[in-house]
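To keep things clear, I will list the structure first and then write my remarks on it.
The values are calculated or read from the model by the stated rules, or taken from the named source; none is laboratory data. Since the structure is predicted, the reported quantities are computational estimates derived from the model, not experimental observations. FYI the Cβ positions are ideal-geometry reconstructions off the backbone, even for glycines, and counts take in every protein chain you see.
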Amino acid sequence: MKSVSTDLYDVAQKVLNQLVDYVDRAQQGEGKVLSQAPYVQVAEALELETLLRKGGLKADNVEAWLKTYLLHSQHMHHPRYMGHQVSVPHLASGIADFIHGVINNPMAIYEMGPSAATIEQVVVNWMLEKAGWFDRESLHQLPHKAAGVLTHGGSLANLTALLAARAKVAPNAWKEGTPNDLAVLGSDVAHYSVMRALSIVGLGSQSLIPVKTNDMEVLDPDDLYRAYQESKSLDKRIMAVIANACATSTGLYDPIMEMGQFCKEHGLWFHVDGAHGASALITPVYQHVMKGLEYVDSMIWDMHKMLRTSTLSAAVLFRDKENMAKALSQKGSYLFHDKEEPGFDLMPYTIECTKAGIGSKLFWVLAAEGEEALGSFVEGRYAITQQFYTWLKDQADFNCPYKPESNILCFQYLPMAASNAEQLSVRNHIVKEGKFYITSTEIKGVRYLRVVIINPLTEMDDLKALVENIRHYKSK
Ligand SMILES: Cc1ncc(COP(=O)(O)O)c(C=O)c1O
C-alpha cells in the first residue's frame, strides 16, 4: 500500500498547479500587491479552528482554501512589490523546500543527511570563493584555511560571529562568562540584530562605542582612532569592529578597506554584516563595494535577501576556521571527529541543534540558473536603482539624499515633508491602497520613503507609476 494517499497526492498536484497559476498572474501585475484584512476575518475565512480541530482539507476543497490563503498573502512576485529586503524567491528554491519538507533531513549531523550536508559545504565553499577566502582547486574539497556554516537567518549568523569574536579576545568567557571590560566599535545604525547579539553575548548594547558617521549614516574611518582611544580611556578591550555592508536603511556601504586596515594595524577583530550587500560579490560590476575582505575575520551573508532563496537561509563565514571552531566552545579545531565517519558534523559550529538543509535552496537556484545569471540579477537590480535615482533627481517635487550603492533607495516627497509624520502618511497610504508595497525609514532622524528593488520584474515604468501614485495622493 502506498503511504501517500491518493487524496493527498491530488491535493499536492492541485496546490502545485494553483501556485504556478498564482505566480504567473502575480508576475503579470494582476490585482493588488497586498490587501490586509483584520486577523479574525482572516482566521474565519480560512476556517482555521474547524480545520485544526477536525481536519478535512482535502482534494475537493483545497483549491478554494488556497485561493483564500493567497488572497490574504503578500504578493512578492508582483512587480510592484518593492518593500523589504526579502527575496522574491526563484521557484527552484521552492523545490528545495518541498524536497526537504518531504524527506526531512536535519543534517547538522552528517549521518542525518549526507546529501544535504554535502550540499551545504559546497555552497559554503562557493560563498567563500566569492569572498576570496577559498583556497582549493575544486568546490568539492574542504578549504584549508577558511570555513563557514549556514544559519536560519542573518540574526543568528551575526550572533555566531560575535561569539567567535568574544572567544578570541576572552578565551575563558565560554566557561566563566563575559568579562565586563569588552566593547565594540561601529556605527550606531548597525542592524538591530547586531545590538541584540551584543546583549545576548553578555556585553550589553551599551558596549557599542559609536564611531562618527556622515550625513547618510556611513561610518567615517577617520574617527576610528578617536573611538579606539576612547575605549582605552574607559579601560575597555575591543572585541570587534563592525561594518555595515550595506546599511539596512540606506543600502550604503561602510568603508570596508579602511576599516580593515585599521583593524589590522591595531590587532582587532573585524566583522562585516553583509546580510544584504555581500551579494554584490557575485557581480564583477559591483563587487568593488566589498573591497577589503582580506582584512575581515567574519562576515555574514543572507541568501534569502539577494540570492533569490526563500526564507530562512544565511551564512556566517570565517577567514580562519579555527575561529569558527571556538565560537561555541573552547574545544579543538575545525571538523574534529570523535568517530570514524565519511563526512563531518556541523553541530559544533551552529547555535541551532536541529538544522534544515538550507544550502539546498541556493544550490537549486544556482543549478537552475548558473552563477552568471544570478550575478546578472544582482547587477540588474543595482543598476535599475541607479537609473531610478537619476530620473528621480530631475523631479522637482522629490528629493533623493544620496546616490545609491545597492538596490535600496530612500527619497522624500517634498510637498509632504513638513514633518516625519506627514512623510510617513504617504507610505501608509500607499500600503493601504495596495497597488504598491514600499517601506519607510529615518536617516539621522529625518523620515524618508524607501524602496528595495528586489523583484526581478520591476521596471522603470513601475517606479514612475509609483511616483505618479504618490503625487496623486497629495492631490486627493
Ligand atoms: C544589515 C542586516 N543585518 C542583519 C539582518 C538580519 O537578518 P535576518 O533578517 O536574516 O535575521 C538584516 C535584515 O534585514 C540586515 O539588513
Extreme residue, farthest from the chain's Cα centre (by Cα), among residues of region 243-270 that are farther than 16 Å from T441 by Cβ and either assigned to a loop (DSSP other than H, G, I, E, B) or within 11 Å of the ligand (Cβ to nearest atom) (or both)
G267
Which of the residues belonging to region 440-476 are under 27 Å from the mean Cα position of the chain (by Cα) and of a type in the set (G, A, S)?
S440, G445
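If you take the residues in region 443-476 that are part of a helix (DSSP H, G or I) and of a type in the set (A, V, I, L, M), which one is surrounded by the fewest Cβ atoms within 10 Å (Cβ to Cβ)?
Of everything passing the filter in region 443-476, M460 is surrounded by the fewest Cβ atoms within 10 Å (Cβ to Cβ).
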Which residue out of S155, S199 is within 16 Å of the ligand (Cβ to nearest atom) and crowded, with 20+ Cβ neighbours inside 10 Å?
S155
Out of all the residues in region 324-340, which are of a type outside the set (S, T, Y), touching a helix residue (DSSP H, G or I) at 6+ places or on another chain (Cβ under 6 Å) and modelled with pLDDT under 90?
Q330
Just a yes or no: is a residue in region 410-424 part of a helix (DSSP H, G or I) and in contact (Cβ under 8 Å) with a residue 40 or more places away in the chain?
yes
When residues of region 17-38 are limited to those that are more than 27 Å from the chain's Cα centre (by Cα) and in a helix (DSSP H, G or I), the one nearest to K435 (Cα to Cα):
D21
Sole miss for E63 among (1) without any contact (Cβ under 8 Å) to a residue 40 or more places away in the chain; (2) over 30 Å from M324 (Cβ atoms) is condition (1)
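Is it the case that some residue within region 249-256 is at pLDDT 95 or above, of a type in the set (F, W, Y) and crowded, with 16+ Cβ neighbours inside 10 Å?
For region 249-256, residues at pLDDT 95 or above, of a type in the set (F, W, Y) and crowded, with 16+ Cβ neighbours inside 10 Å: present.
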Residue list for region 234-265, restricted to those being in contact (Cβ under 8 Å) with a residue 40 or more places away in the chain and among the basic types (K, R)
K236, R237
Residue satisfying all of: in region 425-442; of a type outside the set (G, A, S) and touching a Ser or Thr at 6+ places or on another chain (Cβ under 6 Å); surrounded by the fewest Cβ atoms within 10 Å (Cβ to Cβ) among these:
T441
Looking only at residues in region 173-196 that are more than 22 Å from G251 (Cα to Cα) and touching a residue at least 60 places away in the same chain (Cβ under 8 Å), which one is surrounded by the most Cβ atoms within 10 Å (Cβ to Cβ)?
W174
Within region 128-152, restricting to residues that are within 15 Å of the ligand (Cβ to nearest atom) and within 23 Å of Q287 (Cα to Cα), the one that is nearest to the chain's Cα centre (by Cα) is L150
Of the residues in region 88-115, those that are more than 16 Å from the ligand (Cβ to nearest atom) and of a type in the set (V, I, T) come to I95, I99, V102, I103, I109
Filter region 292-307 down to the residues that are in contact with a Lys or Arg (Cβ under 9 Å, 6 or more places away or on another chain) and either within 16 Å of the ligand (Cβ to nearest atom) or part of a helix (DSSP H, G or I) (or both) and list them by number.
L293, E294, Y295, V296, S298, M299, W301, M303, H304, M306, L307
Among the residues of region 44-87, what is the count of those that are among the small types (G, A, S), away from the ligand (no atom under 16 Å from the Cβ) and either surrounded by 15 or more Cβ atoms within 10 Å (Cβ to Cβ) or under 30 Å from I470 (Cα atoms) (or both)?
2
Number of the exception - E176 against (1) of a type in the set (D, E); (2) more than 19 Å from the chain's Cα centre (by Cα); (3) within 16 Å of the ligand (Cβ to nearest atom):
(3)
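Of all residues in region 125-166 being in contact (Cβ under 8 Å) with a residue 24 or more places away in the chain and of a type in the set (S, T, Y), which is farthest from N323 (Cα to Cα)?
S155
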Determine whether S87 is among the small types (G, A, S) and under 30 Å from R427 (Cα atoms).
yes
With (1) touching a residue at least 60 places away in the same chain (Cβ under 8 Å); (2) within 19 Å of T250 (Cβ to Cβ) as the list, and K403 as the residue in question, which single condition is left unmet?
(1)
